[in-house]
Amino acid sequence: MKTVVEVIVLELKNYSESSLWVCFFSKENGVQNGIIKGGKKKRTKPSILGFYNFTIYRQSESGLQTVVDLERTIPLDEIYCSPQKVLIAFFMSDSYKSILVNCGTDSTFFDFIKTQVLKLKQVDKTGPFPVVFLAELISYLGYPPLNPSGSVESFDPLNGVFNPNSPSLQTIHEKVVVEEIHFIFNEQERVLLNPKKVFDALINYAIQHVPGYNRNKSIEVIKDVLYG
């Protein structure tokens, strides 16, 4: 029996001369792996963070799925034609993969990812995007830093708080950077003067406080290419 499922592609690898191994996320079954039969030769080829309807043969909740056909549901040419956006897409995909094991089949997370990908599609200036994306992801998952009642003077990514009473060795005291971190988490638009420092702080924070989040290889590429 064949089933059609809307999915988000998170990872792709060569499997054979004609087929592809794929890691994908769906509302129905969360993260799964599968083999796209003849994937290298199909007219529609899968791409990272792409949205597709997968036709799956004998779908199950676990085990390796057999994908016999696919159809793109959202065109994302604006992403795949931009080297910077492709790089960000890989970073987003790596971020999602690292935490999805703790999210099960949360259908709202599927919608959240779709919103983030469409934002990447439409954005003109890519530099601030990874920083804003990380802050929104951390907040969506319910792990934002504690906000101070007054002005921000410092930020401690280890303890997850602004203006810590007992600062750790990781505490950031550079006021401009601290203010930009605070603005990002409070959904206020602002030109980032220190995107690399803010990005470093948010990566460090995510590793400390978001279950499953890890330092993936795309992080260093983002820092070198976008913020180098």
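The values are calculated or read from the model by the stated rules, or taken from the named source; none is laboratory data. Everything numeric in this text was worked out from a predicted model, so none of it was measured. Note: ideal-geometry Cβ built from the backbone for every residue, glycine included; neighbour counts use all protein chains shown. Remember, those area values only see protein heavy atoms, side chains included, never the ligands or the DNA or RNA. Shrake-Rupley method; radii C 1.70, N 1.55, O 1.52, S 1.80 Å.
Summary table below
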{"quantity": "For Gly50, distant residues with modelled amide H under 5 Å away", "calculated": "Val9"}
{"quantity": "Candidates per trypsin sites (Lys or Arg not before Pro) in the range 178-228, loop by DSSP, up to 14 other Cβ within 10 Å", "calculated": "Arg190, Arg215"}
{"quantity": "In the range 85-135, the trypsin sites (Lys or Arg not before Pro) that fall in loop regions by DSSP, at most 12 other Cβ within 10 Å", "calculated": "Lys125"}
{"quantity": "√(5λ) per eigenvalue of the Cα gyration tensor, the range 1-109, largest first, Å", "calculated": "20, 18, 12"}
{"quantity": "Heavy-atom surface of the range 36-160, accessible at 1.4 Å and reported per residue (Å²)", "calculated": "48 Å²"}
{"quantity": "Average Cα contact separation per residue, the range 1-90, under 8 Å, 6 or more apart, as relative contact order %", "calculated": "28 percent"}
{"quantity": "FRET efficiency, Gln208 to Trp21 (Cβ-Cβ, R0 22 Å, nearest 0.05)", "calculated": "0.10"}
{"quantity": "Cα extents of the range 41-176 along the three principal axes, largest first (Å)", "calculated": "58, 35, 23"}
{"quantity": "GluC sites (Glu not before Pro) lying in DSSP loop within the range 45-138, provided at most 13 other Cβ fall within 10 Å", "calculated": "Glu61"}
{"quantity": "Listed pairs Lys125/Lys175; Lys2/Lys121; Lys42/Lys125; Lys27/Lys125 exceeding 29 Å between Cα atoms", "calculated": "Lys2/Lys121; Lys42/Lys125; Lys27/Lys125"}
{"quantity": "The range 35-87, Rg to Rh (Cα coordinates; Rh as Kirkwood inverse mean 1/r)", "calculated": "1.03"}
{"quantity": "Over the chain, relative contact order from alpha-carbon pairs under 8 Å, at least 6 apart, %", "calculated": "16 percent"}
{"quantity": "Kirkwood hydrodynamic radius (C-alpha pairs) into Stokes-Einstein, the range 71-136, 25 °C and 0.890 mPa s, D in µm²/s", "calculated": "194 µm²/s"}
{"quantity": "The chain: calculated mean residue ellipticity at 222 nm from DSSP helix runs of at least 4, using -39500 (n - 2.57)", "calculated": "-11500 deg cm²/dmol"}
{"quantity": "Nitroxide proxy distance, nm - points 7 Å out along Cα→Cβ at Lys13 and Leu193", "calculated": "4.6 nm"}
{"quantity": "Surrounding net charge for Glu17, when Lys and Arg each add one and Asp and Glu each subtract one, Cβ distance under 11 Å", "calculated": "+2"}
{"quantity": "Rg/Rh (Cα only; Kirkwood hydrodynamic radius) as it applies to the chain", "calculated": "1.02"}
{"quantity": "Rounded percent of accessible protein surface that carbon and sulfur make up, the range 1-146, 1.4 Å probe", "calculated": "50 percent"}
{"quantity": "Pairwise Cα inverse-distance average, inverted: Kirkwood Rh of the range 106-228 (Å)", "calculated": "15.0 Å"}
